[in-house]
Amino acid sequence: MRLHSEIVASQLALLQKEFKKQTMSQHYPVIILGAGPAGVSAALTFKEAEIQALLIEQQPTCGGQLAAIPSAITNFALGWFASGAEAQLQLQTVLAKSNIAMLQAQVHEVRSQKVNGETFLPTLLTLECTIGNVAEKAKLSCDYLMVATGLSENKLSLSPIDLNAKVKYHIDQDLQNKRLAIVGGGDSALLKAIKLADQAKKIFVIHRREKFNARPDLSKAVAKLSNVEILLSSEIIALDGDGKIESITVTSAGALINFKVDIVLAKVGYVPNSAAFAKVLALDKHGYIVIDSLFKTSHQHIFAAGDITAGTVPRIGTAVGQGMACAASMIAEINGLRP
Ligand SMILES: Cc1cc2nc3c(=O)[nH]c(=O)nc-3n(C[C@H](O)[C@H](O)[C@H](O)COP(=O)(O)OP(=O)(O)OC[C@H]3O[C@@H](n4cnc5c(N)ncnc54)[C@H](O)[C@@H]3O)c2cc1C
């Protein structure tokens, strides 16, 4: 498996190198933003239709949220995966085998501008990428943009600011004899509690609602762990300590309680990666991109698919299907096949 992943990584590196020669050209028929399951699925569909589509991803490799899935994936009809990393490797393999190059770049702002006196086309205004060791800024435009930028972890915002920076979103240390507070009540929070229970001395799971919104099997499993204390209808309101977190203040059933903890791990949901489009697209009140049944956004030349879209079911299968259907809808539009 390891050898295979190395081969895939080197194939991708070669593609990226090849690709760099063309990177700075200004205009593309299609740009796909985000190489998670939705973006990669769309890239394959454009490739099949022989339409040039530039795939842009801010991370060094494709996969998006797959990299963050610690447990087995058992709800994808075409196969089960031991973990997100295994599914990610599959996505990388498909990309490499299809000879689809990916440009590593972060897009900060998308606007709509007149290009060559033509209609208003999507323009990626501040696109930062590294070519070799040099950080470059490019301005690219395209006839059609597909947004598949997915979700990112939500961050806690607590006082004081210096301790807020000590809140962890991933555990990278030994938990022997440590007291851990996990904030959140979804799958990610409970999976962490279950995984870390035999390492930590004590775990508090703090969730602001009356019930967990995690899978029922996870809620049952966490309730059985002897060193895990569940605090429902509870909210962490402050961090305390001198240079490091030593305790937390929690409101629980109207009372203020202080718990001694060594580490706070936040798993407080996900937010849509839509800030770059806020000036050009209609978003719902939570920041998700509003689309119609053809995956078209409020902009005539911008489409969107996957977790970033309002009202979707945020799953791998949905993202893969939407990525393909969105690309097919764009291809119909590009080829003038729309009734
Ligand atoms: C802990 C966890 C467990 C999960 N378990 C399951 C499961 O068991 N089964 C299941 O079906 N689903 C599961 N999911 C959900 C699944 O991973 C997502 O639904 C799926 O990855 C969505 O794909 P996507 O392509 O829409 O977005 P993403 O996977 O979020 O990919 C978006 C990509 O866009 C990139 N991007 C974002 N902004 C920019 C920018 N400005 N410039 C350039 N690139 C950008 C990101 O880096 C990312 O690579 C889980 C998710 C998590 C976090």
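Read the figures in this text as sums done on the coordinates, not as results from a lab. Nothing here was measured: the structure is a model prediction, and the numbers come from that model. No Cβ is skipped: glycine too gets one built from the backbone with ideal geometry, and neighbour counts run over all protein chains shown.
Evaluating 6.51 cos²θ - 1.76 cosθ + 1.60 at θ = phi - 60° for every residue in the range 92-97, the Karplus couplings come out as 4, 4, 4, 4, 5, 5 Hz, glycine and proline recorded as x. With contacts taken as Cα pairs under 8 Å and at least 6 residues apart, the range 155-266 reaches a relative contact order of 32 percent. Among beta bridges from DSSP that stay inside the range 155-266, the antiparallel ones total about 45%. The fewest-to-most ranking of Leu281, Leu294, Leu265, Leu256 by surrounding Cβ atoms within 10 Å reads Leu256, Leu294, Leu281, Leu265.
You can think of it this way: the chain between Ser83 and Leu294 has 72.7 nm of extra reach, that is 0.36 nm per residue less the Cα-Cα gap.
An oblate overall shape is assigned to the range 155-266, the ratio a/c of its alpha-carbon gyration tensor axes (a ≥ b ≥ c) being 1.5 or greater and a/b not exceeding b/c.
In this structure, the pairs whose alpha-carbon distance is over 19 Å, taken from Lys155/Lys201; Lys168/Lys192; Lys114/Lys285; Lys202/Lys267; Lys168/Lys244; Lys166/Lys244, are Lys155/Lys201; Lys114/Lys285. Magnitude of the charge dipole for the range 159-272, about its Cα centre and with charges confined to Cβ atoms of Lys, Arg (+1) and Asp, Glu (-1), is about 340 debye.
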